[in-house]
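**Q** Quick one: the structure is below, and I'll ask about it shortly.
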Amino acid sequence: MKPKPSPRTKWFVLGALALSLLVALTWQNILFGIAFTLADKRPALLTDARWGTPALAFNQRFNEGTPEAELLLWLDDNNFQNAHKGRASKTIHGLPCQEQVEVQWSAVDGIIKERSAIVSEAGCL
């Protein structure tokens, strides 16, 4: 005589089948969610920036009179490229859009006089 499967086994098998069906029907959405989660994000000081408009939080943090060394450290910590001669840039590979960040500044004797950070579109899906 064959042993009868327990109710737990039946629920486990039904749950596994339901989960498999869910994954089979929504795998594209799952992959998009993973890609969105892994996409680059803007540095915190640039989250308020709108495309083509100077970033307010950035300008407040690096206001006139701030040591240039602090800005250079921030640029390095946030992986900006070519940070020299008052310019730096970074491409953010985000979803659904890639963004280009251009930072410009002028300093006299190591003290910031002018600065701006502009975020612009670099291509969208």
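**Q** When the Debye formula is applied to the Cα atoms of the chain, each taken as the same point scatterer, what base-10 log of I(q)/I(0) results at q = 0.12, 0.14, 0.20 Å⁻¹?
**A** These q points yield log10 I(q)/I(0) values of -0.58, -0.69, -1.08.
**Q** For the chain, report the accessible area per residue in Å² (1.4 Å probe, heavy atoms, rounded to an integer).
**A** In whole numbers, the chain has 72 Å² accessible per residue.
**Q** Now for a different question. Report, ordered by chain and residue number, the lysines lying within cross-link reach of Lys41, taken as a straight Cα distance under 16 Å and ignoring same-chain residues fewer than 8 apart.
**A** Here the lysines satisfying the reach criterion relative to Lys41 are Lys90.
**Q** Please work out the Cα center distance from the stretch 4-27 to the stretch 74-125, rounded to the nearest Å.
**A** The stretch 4-27 and the stretch 74-125 have Cα centres spaced 50 Å from each other.
**Q** For the chain, what does the relative contact order come out to in percent, with C-alpha contacts under 8 Å and a separation of six or more?
**A** Rounded, it is 24 percent for the chain.
**Q** A further question on this structure: Restricting to DSSP H runs of at least four residues, report the calculated mean residue ellipticity at 222 nm for the chain, -39500 (n - 2.57) per run over all residues, nearest 500 deg cm²/dmol.
**A** -12500 deg cm²/dmol
**Q** In the chain, carbon and sulfur make up what percent of the accessible area (probe 1.4 Å)?
**A** Carbon and sulfur atoms account for 60 percent of the accessible area of the chain.
The values are calculated or read from the model by the stated rules, or taken from the named source; none is laboratory data. This structure is a prediction, so every number in the text was calculated from the model and none was measured. Keep in mind that these areas ignore ligands, DNA and RNA; they rest on the heavy atoms of the full protein, side chains included. Shrake-Rupley method; radii C 1.70, N 1.55, O 1.52, S 1.80 Å.
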